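A short worksheet on the structure shown next.
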Amino acid sequence: MIIAIDGFSSTGKSSVARELAKHFNITHIDSGAMYRAITLYGIRNFYDPISKTINTKQLIQNLNQIILKFEYNPNTSTNEIFIGEENVEKEIRTHIVSQNVSVIAQLPEVRNYLVKQQQMLGKTGDVIMDGRDIGTVVFPNATFKFFITASEQERVNRRYLEISPTNLTREQIKENLRQRDKHDVEREDSPLKKADDAILIDNSSLNKQQTIDLIIDYIEKNNSF
Ligand code: C5P
C-alpha cells in the first residue's frame, strides 16, 4: 500500500502522515525533509554570505556525495533524517533552511536525485509519503492520494506554534509561506498541484485528530486489500 499526501506548507501533512503510519503500521517518509537536508548541506558547504544564496552549480556537482537515510526514533515516533551518520532532523527545521529550500527544490537535478530515492523507498514495503509531488510524479499509481490545504491565516498560526518559542513574527512566517507557495506552485519541474484522482481536504476548521480520522475513515471504507 502506498499513501500519498500532498499539499501546501504548514497544513499539518507531516504530523498527520506520522500518525497515519502508526495507525496502519507502515513507514512514514517526509519527502520535504529530504529537500531540507540537501538545502542544509548547501548552506553548510556552498553558501555565499554576500549574495546570501547557495551556489547551486557547486551543489549540483556534489549531489552524489550527499547520502541521506531515515532512521526510526521510537522516543519521538519519528523517522528521522540523517546526512551520512549525522542526525539533522532538528537543524533542517531552522528558518535559514526554510528560506532557501524552495529555491533548491526547483532544481531539476535535485528533484531527479531525490525522486529516484523516494521511489526506491516505496519499493521496500508499505509507505505513506508526504510532500508536493508524491501523487503526481513520485507515485502516480499510489493506492490512496490526498491533497491537503487550509487558509493562509490558519497555516501561519500552525507554523508559529510549531516553531515556538521563536524570534520570528507572524508577518515573517507569512512571508516565508507565501514565498514557498509561489515557488512550489510556479516551478516548471513537478509543481505543487492536486493529482486529478486525489481527495481534496481543506482542514482550516479541522484539528489534527479530525484530519487523521477523516483519512482513516476514507481508507477503511475504500480499502480492497
Ligand atoms: O514539507 P516541507 O514544508 O518541510 O518541505 C520543504 C520544501 O521542500 C517545500 O517548501 C518545497 O519547496 C519542497 N518540497 C518539494 N517537493 C516535495 C516535498 C517538499 O518541492 N515532495
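Listing for the model above:
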{"read-out": "Filter result for N73 (out of contact with any Ser or Thr (no Cβ under 9 Å at 6 or more places or on another chain), free of Cβ contacts under 8 Å to residues at least 24 places away in the same chain, surrounded by fewer than 17 Cβ atoms within 10 Å (Cβ to Cβ) and over 29 Å from N207 (Cβ atoms))", "value": "no"}
{"read-out": "Of all residues in region 179-203 being surrounded by 14 or more Cβ atoms within 10 Å (Cβ to Cβ) and among the β-branched types (V, I, T), the one that is nearest to the ligand (Cβ to nearest atom)", "value": "I201"}
{"read-out": "Flag for I43 being surrounded by fewer than 18 Cβ atoms within 10 Å (Cβ to Cβ), within 20 Å of the chain's Cα centre (by Cα) and over 16 Å from N112 (Cβ atoms)", "value": "no"}
{"read-out": "Only listed residue being at pLDDT below 95 and in contact with a helix residue (DSSP H, G or I) (Cβ under 8 Å, 6 or more places away or on another chain), chosen from S51, S31, S9", "value": "S9"}
{"read-out": "Residues located in region 151-165, provided they are more than 12 Å from the ligand (Cβ to nearest atom) and of a type outside the set (A, V, I, L, M)", "value": "S151, E152, Q153, E154, N157, Y160, S164, P165"}
{"read-out": "Count - residues of region 30-89 that are hydroxyl-bearing (S, T, Y), more than 23 Å from G12 (Cβ to Cβ) and not in a loop (DSSP other than H, G, I, E, B)", "value": "4"}
{"read-out": "Selection count where residues are out of contact with any Lys or Arg (no Cβ under 7 Å at 6 or more places or on another chain), surrounded by 21 or more Cβ atoms within 10 Å (Cβ to Cβ) and not in a strand (DSSP E or B), scope region 1-17", "value": "2"}
{"read-out": "Every pair of residues 6+ apart whose Cβ atoms lie under 9 Å, when the first sits in region 171-184 and is of a type in the set (D, E, K, R) while the second is surrounded by fewer than 17 Cβ atoms within 10 Å (Cβ to Cβ)", "value": "K174/E152; K174/Q153; R178/E152; D181/E152; D184/P191"}
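Residue by residue, here is whether (1) within 15 Å of the chain's Cα centre (by Cα); (2) under 25 Å from H23 (Cβ atoms); (3) within 12 Å of the ligand (Cβ to nearest atom); (4) surrounded by 20 or more Cβ atoms within 10 Å (Cβ to Cβ) holds:
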| position | (1), (2), (3), (4) |
| --- | --- |
| S102 | yes, no, yes, yes |
| V110 | yes, no, yes, yes |
| T124 | no, yes, no, no |
| V127 | yes, yes, no, yes |
| G131 | yes, yes, yes, yes |
| N167 | no, no, no, no |
| R170 | no, no, no, no |
| K174 | no, no, no, no |
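The values are calculated or read from the model by the stated rules, or taken from the named source; none is laboratory data. Bear in mind that the values here come from a model prediction, so they are computed numbers and not experimental data. As a convention, Cβ positions derive from the backbone with ideal geometry for all residues, glycine included, and neighbour counts pool all protein chains shown.
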